[in-house]
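As structure tokens, the structure follows; a few thoughts come after it.
The values are calculated or read from the model by the stated rules, or taken from the named source; none is laboratory data. Just so it is clear, the structure is predicted and the values come from calculations on it, not from any experiment. Cβ sites come from the backbone with ideal geometry, for glycine too, and all protein chains shown count toward neighbours. Calculation scope for accessible area: heavy atoms of the full protein, side chains included, ligands and nucleic acids excluded. Shrake-Rupley method; radii C 1.70, N 1.55, O 1.52, S 1.80 Å.
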Amino acid sequence: MSAALEVTGLGVRYRRTWALRDCSLSVPAGRVAALVGPNGAGKTTLMHTAVGLLRATEGSVRVAGEAAFVAQDKPLYDDFTVAEMLTFGLRTNRRWDGEAAAARLAGLGIPLKRKVGGLSGGQQAQVAVTLALASRPDLLVLDEPLANLDPLARHDVMRTIMAETAGRELTVLLSSHVVSDLEETCDWLIVLNGGRMQVSGDIEELLDDHLVLTGPVGASEAGMRVVSAGRTDRQVGLLVRGAPSPDPRWQARRPGLEELVMGYLRNPESTAMPALTGVRP
Amino acid sequence: MIWVTWRQHRAQILVTAAFLALLGMLLLGSAVEASRYVAEHAPPGCPGPAVACGEVAVALGQRYDTVYSVFGWMPLVAPALIGAFWGAPLLGREYERGTHRLAWTQAVPVWRWLAVKLTVLGGAVVAGGLLLSLMVSLWRPVFRSGVGSAFGNVGVFNMVGVAPAAWWLYAFALGTAAGTLFRRTLPAMALVVAGVAATMFTLVQVSDHYAEPARTQLSGTVVLDDPDVRLVSSAWVEPSGREVGEPSESGCARRVDVGQSSKNTDAWQACLFGKGYRFAVYYHPASRFWLFQWTEAGILTVAAAALGGLAVHRTLRRPG
Amino acid sequence: MFCLIEFTLDRSSGVSTYLQLAHQVKQALRLGTLRPGDQLPTAREVVESLAINPNTVLKAYRELEREGLVEGRPGMGTFVRQGVAGPTLADHTRVRRGLEAWVRDARAAGLDQEDLRVLFAVVIADLAKEDVA
């Protein structure tokens, strides 16, 4: 499958500090990719580079086709009416599906004559996402699209995005530092930590490929690729990649997405990247 | 993009246009009223030496001063306002609100977004400055016919010719560049106001050097007959031909005047002239009006281009 | 478009989403809400109501297809296969009557709701073992 977003050896430096270093990843077309990591991990920098707001200091970012971007806090012109925001999109884009956008906003009950500044946070998010989708992008990049939204608005915004991915081939890259927001919606996972890539891959494959093991202290860890470990005096809890050790004292189960992400974030040395050496013990 | 520019900046454009229209009506009204007054009160042969002509001239002068006091502040305040409300928000407000990340991630590339905005708004600013100049230039002769061109008074000089357009363009570019520097509107506005005032002060100082001053020697008086010149400096010339700032060995006693009286100074000067001293005046004659206009406009336009280039460079280098 | 079934999601159940969807289709087949020839909601319709990844819906439908319960018709949608039927409605009613009588009997014997559930589960498990053996 062709890549919608291809990042190779990307590094971005602000003055003297590197916000991103040695980042390589590839998101196949049609996927909904979650970009997760703690604050300051470089998520926004990666996204800004992908949409052309920042230049790569080294390496490259390649987007197949057109990208649309919804920045953090969903900036819009407060003194524009919703209809004028649509005109803004029409005048600043080559491809523009204004009818679909107007229909979607009408369906959401957002009046076109209302000033953007007078809309609720959830409605503003819908307008921002609708604008981005109206330019018929091949890649939709959303920086923390669910932050500062109430649960109903989060659900509504996700519905809008997911419906679009069901209708045509659209690749989505969205960031969040709340993993549970992404569980139902994303099928590709990218973990960034401290400006470096830790994980990039299909979520189902990643979950199939990892195990959560619990056992007594002293159970054999030989031959296992341990992502992260939590130990008490008597018990050991491990997140491992690949096959577990044959020691029968281990109890194994499949990890949840959140457990997987947390396991990697706790141990920044571990990585799970396609075509790379993988976990370092 | 032109629609976007218009929609985002229509408030400034409309307010400026309304202000110019208002000023135009004021100037037109006062000119019509003054012409009527002249037609009714000036006897044939005016302007001339007749007493009635003098009365008409005084009445016209009063009318001129009244209206001039309404917009005499414009050479300084108008560029400051243009810079603060046209220039500073252009990029400063986008950064401040984060909307630059919306504007610059559409299909229109950043450089084109900038080019359209700078061209359209810069063009509008220049047009506005020229319109002001045109209106003032049409209005003044009604009152000032034969009294002088607009060269001697720096305030008037900056309201006619190409000066207002150059000043407005410079202030607009200064505001735009300040917006990229602070990435906020209010500090950029403050910088514009300070910058325009500082530039005006500097240029007034520098303008003496736009050309080599003309020199003339006066005898019997220290006042140049033509009021429409710019004085640069003056000096006493000894009978030997040497120029001195203060004649020390002339033998004429100088006593300090008291109050408003200039009796003692007049006597001292008369004494000097009697001993063969001359008074040398360095000045720029009114004929240099356009030389000065174009020199000042050139300096401001080059500065505007440099500031605009800085704004473009800073924006394109790191749009995020 | 009119949808025959409406999916719901229990996000705290720990059961993966595609299994929940597949399970709800099977349930609807058992209860007769879905009948042979009926069309399942399109991925877009499900996604628009649940805000989930469309691939999850497709995965659930593939699972049902693998079990022979539904069939995808290219360009048209996913339909319940002909010949798929749970117990007939008459059987359903007859068995239900018997169960009601049994529950009344058990209540009379002093068993509470929890006892009933446990008893029911034990019997099902025992019978399943017998079948295997």
Legend entry - Complete set of residues in region B:111-136 that are of a type in the set (A, V, I, L, M), within 14 Å of chain A (Cβ to nearest Cβ) and open to solvent by 20 Å² or more (accessible area, probe 1.4 Å): B:A115, B:V116, B:V120
Inset, instruction - Tell me, please, whether a residue that is assigned to a loop (DSSP other than H, G, I, E, B), open to solvent by 40 Å² or more (accessible area, probe 1.4 Å) and among the aliphatic types (A, V, I, L, M) can be found in region A:91-110. - result: yes
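Rundown of residues vs (1) open to solvent by less than 70 Å² (accessible area, probe 1.4 Å); (2) closer than 30 Å to B:L174 by Cα; (3) of a type outside the set (A, V, I, L, M, F, W, C); (4) outside the structural domain of B:A163 (by TED's automatic domain parsing), yes/no style:
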position	(1), (2), (3), (4)
B:G220	yes, no, yes, yes
B:V223	no, no, no, yes
B:P239	no, no, yes, yes
B:S262	yes, no, yes, yes
B:A267	yes, no, no, yes
B:F279	yes, no, no, yes
B:F292	yes, yes, no, yes
B:T295	yes, yes, yes, yes
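Condition check ((1) under 16 Å from the mean Cα position of the chain (by Cα); (2) polar (S, T, N, Q); (3) more than 7 Å from chain B (Cβ to nearest Cβ)) across all residues:
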position: A:N39; (1), (2), (3): yes, yes, yes
position: A:V51; (1), (2), (3): yes, no, no
position: A:R62; (1), (2), (3): no, no, yes
position: A:V70; (1), (2), (3): yes, no, yes
Inset, instruction - Of all residues in region A:162-173, count the ones that are open to solvent by less than 10 Å² (accessible area, probe 1.4 Å) and either over 16 Å from A:A3 (Cα atoms) or facing chain C (nearest Cβ under 9 Å) (or both). - result: 2
Legend entry - Residue check, A:L238 free of Cβ contacts under 8 Å to residues at least 40 places away in the same chain and open to solvent by less than 10 Å² (accessible area, probe 1.4 Å): yes
Inset, instruction - With the checklist (1) in contact (Cβ under 8 Å) with a residue 60 or more places away in the chain; (2) open to solvent by 50 Å² or more (accessible area, probe 1.4 Å) in hand, flag the one item A:M47 doesn't pass. - result: (2)
Legend entry - Residue count, region A:72-100 (criterion: farther than 26 Å from B:A11 by Cβ and either away from every other protein chain (no Cβ under 11 Å) or charged (D, E, K, R) (or both)): 5
Inset, instruction - For B:T99, indicate whether it is open to solvent by 20 Å² or more (accessible area, probe 1.4 Å) and either within 30 Å of A:V63 (Cα to Cα) or out of contact with any Phe, Trp or Tyr (no Cβ under 9 Å at 6 or more places or on another chain) (or both). - result: no
Inset, instruction - Say whether the condition of being of a type in the set (K, R), in the same structural domain as A:L170 (by TED's automatic domain parsing), in contact with a helix residue (DSSP H, G or I) (Cβ under 9 Å, 6 or more places away or on another chain) and in a loop (DSSP other than H, G, I, E, B) is met by at least one residue in region A:25-46. - result: yes
Legend entry - B:A211 vs. criteria touching an Asp or Glu at 6+ places or on another chain (Cβ under 6 Å), open to solvent by less than 70 Å² (accessible area, probe 1.4 Å), under 30 Å from B:P79 (Cβ atoms) and touching a residue at least 24 places away in the same chain (Cβ under 8 Å): no
Inset, instruction - Looking at (1) open to solvent by less than 80 Å² (accessible area, probe 1.4 Å); (2) modelled with pLDDT under 85; (3) not assigned by TED's automatic domain parsing to the domain that holds C:R117, find the lone condition where C:R30 falls short. - result: (1)
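Listed residues A:R159, A:R136; which is surrounded by fewer than 24 Cβ atoms within 10 Å (Cβ to Cβ) and within 12 Å of chain C (Cβ to nearest Cβ)?
A:R159
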Inset, instruction - Examine region B:291-305 for a residue that is within 14 Å of chain A (Cβ to nearest Cβ) and part of a helix (DSSP H, G or I), and state whether such a residue exists. - result: no
Inset, instruction - Taking only region B:69-80 into account, find how many residues are in contact (Cβ under 8 Å) with a residue 24 or more places away in the chain and open to solvent by 40 Å² or more (accessible area, probe 1.4 Å). - result: 2
Inset, instruction - Kindly check whether there is at least one residue in region B:59-69 that is assigned to a helix (DSSP H, G or I), more than 19 Å from the chain's Cα centre (by Cα) and within 14 Å of chain A (Cβ to nearest Cβ). - result: no
Inset, instruction - Tell me, please, whether a residue that is within 13 Å of chain A (Cβ to nearest Cβ) and over 21 Å from A:L207 (Cβ atoms) can be found in region C:49-63. - result: yes
Inset, instruction - Could you check A:T185 against (1) away from chain C (no Cβ under 14 Å); (2) part of a loop (DSSP other than H, G, I, E, B); (3) of a type in the set (S, T, N, Q) and say which number it fails? - result: (1)
Inset, instruction - Go through the residues of region C:39-52 one by one and say whether even a single one is among the hydroxyl-bearing types (S, T, Y) and surrounded by 14 or more Cβ atoms within 10 Å (Cβ to Cβ). - result: yes
Inset, instruction - Taking A:T81 as the residue in question, decide whether it is open to solvent by less than 30 Å² (accessible area, probe 1.4 Å) and either under 19 Å from the mean Cα position of the chain (by Cα) or touching a residue at least 40 places away in the same chain (Cβ under 8 Å) (or both). - result: no
Legend entry - Qualifying positions in region B:98-117 - touching a helix residue (DSSP H, G or I) at 6+ places or on another chain (Cβ under 9 Å) and in a helix (DSSP H, G or I): B:H100, B:R101, B:L102, B:A103, B:V110, B:W111, B:W113, B:L114, B:A115, B:V116, B:K117
Inset, instruction - Would you mind finding the one in B:V142, B:V136, B:V120, B:V156 that is part of a helix (DSSP H, G or I) and over 21 Å from B:A31 (Cβ atoms)? - result: B:V120
Inset, instruction - For A:A56, state whether it is among the hydrophobic types (A, V, I, L, M, F, W, C), in a helix (DSSP H, G or I) and open to solvent by 30 Å² or more (accessible area, probe 1.4 Å). - result: no
Legend entry - Residue list for region B:2-13, filter: farther than 15 Å from B:G123 by Cα and either away from chain A (no Cβ under 14 Å) or among the aliphatic types (A, V, I, L, M) (or both): B:V4, B:A11
Inset, instruction - For C:R44, indicate whether it is more than 13 Å from C:T78 (Cβ to Cβ) and modelled with pLDDT under 90. - result: no
